[in-house]
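Every read-out reported here was derived from the displayed coordinates using simple, explicitly stated rules and does not represent laboratory data. For clarity, every value in this text was computed on a predicted model and none was experimentally measured. Note that we place each Cβ from the backbone using ideal geometry, even for glycine, and neighbour counts take in every protein chain shown.
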Amino acid sequence: MEEIKIVNGILVTSQGKTRGGLTIGGGKISGLGDDARLSRARKEIDARGCFILPGIIDPHTHLGRDKEELFRTQCRSESISAALGGITTMMTTARFGNPTEARLAAYRKAKEIGRSFSFIDFKFNAFMTNQKHLDEIDALMEEGVSSFKLMMAYTREEAKQIGLEGIDWGYAYKLFERISRLGPPAMAQIHCEEPEIIHLLRNQLMEKGRADIAAWTESRPSLCETMQLCDAAVLAQALKTPLYIVHISAKESVEALRFFKGKNPAIYGETCPHYLTLQRNPACGILAKVNPPLRDLPDQDRIWAGLGEGTLDTVGSDHVVYLREDKEKGIWKAPAGFGAIGATLPLLVSEGIHKGRLTWEQLVRATSENVAKIFQLFPRKGCLQIGSDADIIIVDPEREWILGTETLQSSADFSVYEGKRVKGKVVNTFVRGNLIVDEGRLIAEKAIGEYAGTRG
């Protein structure tokens, strides 16, 4: 007899939808298909009127910033917010300690913390800023860290603000070359924004006395993102390096990515929910300061289309917890970013599926299957297959609710989506067969997260 049986739902994969259900045993999907053919189970869940999806894998979060204690508390708080939003695995980084020193010990410590405090599975991406970081790539790979990120946009004061060292294309060349020699699952990641133009425009706007949220967008125009995307794509193609480009925000960047995908199948693009749903001059003002900045309706339309056609591969939240007091420092000094990890699925369902911009199959492809394949977790995760981890969510597509700090349950004390009504809500979340969210409420009493590295 199986442990759990889910019946009367609509199973969704990237290939299509079918009526039926599944069974769970030993933390894995043990049966799949027509309800009448499923084995008996000790517990049965009726998913009538709901969709059964593989759990979301969020490829892009920032927990704890530069403090170990903050990393510990956010492993708990943000994994709960994630689980309520249907996320069963999140990828983050460990920046606590001295980020300019070797990072192996920090990632080992972060693994211990994650296993003790996270309610969902997790995996790490590593920031790369100096030779010490390059020297420990092999050791990090053995720990299951396989993606290595360059923050090209951060130089001068912006780099100091987040505790990183500014880097150049010579360093990027060395990293890409090293990753190419290592082979899969090693992969480069890059935040694309050209810093020198940003520095020039920022100073010009500051001299004019501009301090509004729209000035932030004007200081970081689309061309800065697209220029660096093209540079990175050319380098990756020349060195045969798998490349993952984070948080694409501009229509020109989508077109550039489409061009380079025609030449290099190992280049991948990610966007974020805020580039699909928010524009410059949002009602929440400076709270929505983010890098790259919010843009305009034509950018949104092209990003939705890029997601549907497959030019954009994934959706990541770029979740980072800041408080209102952090954002009160003014547009030029306030930190960039905000928390919204639990809003990804409801926004994609409400603004994408219900408005005809996205299908359920495309949603599964962008939030689960593609992420698992790109980060070498497939088919253990990211799909509904017999033998895969029972990372499963049940979604009521018609349930309406309000996004905000109270409902998202992050440790952030504001939400850029405060008061937004959405249609589509996670009813149940399973992580490796463990039911941790039931009827939209956390029922797990303790953390069950495990490291989802390809090794280690």
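Among G310, Q409, V395, which residue has its Cα furthest toward the positive end of the charge dipole of the chain, with +1 on Lys/Arg Cβ and -1 on Asp/Glu Cβ?
Towards the positive end, the residue furthest out is V395.
I'd like the distance between the alpha-carbon centres of the stretch 363-384 and the stretch 231-263, rounded to an integer number of Å.
So the two Cα centres are separated by 20 Å.
Per the Debye formula with a single identical scatterer at each Cα and no solvent contribution, what log10 I(q)/I(0) holds for the stretch 255-409 at q = 0.14, 0.16 Å⁻¹?
Values, matching the q order: -0.80, -1.03.
Pull up all non-local amide H partners of S415: gap of 5 or more, or a different chain, and H-to-H distance under 5 Å with H placed in the peptide plane.
So S415 has HN proximity to T405.
Mind jotting down a quarter of the surface of the convex hull over the alpha carbons of the stretch 156-309, in square nanometres, one decimal?
Averaged projected hull area, Cα only: 9.7 nm².
If you put +1 on each Lys and Arg Cβ and -1 on each Asp and Glu Cβ, how big is the dipole of the stretch 56-374 around its Cα centre, in Debye rounded to 20?
220 debye
List W304, W216, W332 from most exposed to least, where exposure is judged by having the fewest other Cβ atoms within 10 Å.
The most exposed by this proxy come first: W332, W304, W216.
Greater than 27 Å separation of Cα atoms is the criterion. Which listed pairs, K263/K355; K149/K263; K132/K327; K174/K263; K5/K420, meet it?
Too far apart for the 27 Å limit: K263/K355; K132/K327; K5/K420.
If you take the alpha carbon radius of gyration of the stretch 56-374 and divide it by 2.2 N^0.38 Å, what ratio comes out, to two decimals?
Normalised by 2.2 N^0.38 Å, the Cα Rg of the stretch 56-374 equals 0.93.
Specify which residue in the list Q362, V422, L347 is farthest towards the positive end of the charge dipole of the stretch 341-456, using unit charges on the beta carbon of Lys, Arg (+1) and Asp, Glu (-1), about the Cα centre.
Projecting each Cα onto the dipole axis, the largest value belongs to Q362.
Whole Å is fine, so just give me how far the alpha carbon centre of the stretch 171-218 lies from that of the stretch 407-456.
Comparing the Cα centres of the stretch 171-218 and the stretch 407-456, I get a distance of 31 Å.
Picking from N98, C75, H62, whose Cα lies most toward the positive end of the charge dipole for the chain (charges on Cβ: Lys, Arg +1; Asp, Glu -1)?
C75
Does anything in the stretch 382-400 have its amide N under 18 Å from the 7 Å Cα→Cβ label point of R42, and if so which residues?
Once the point is set 7 Å along Cα→Cβ of R42, 390 turn out to lie under 18 Å by backbone N, inside the stretch 382-400.
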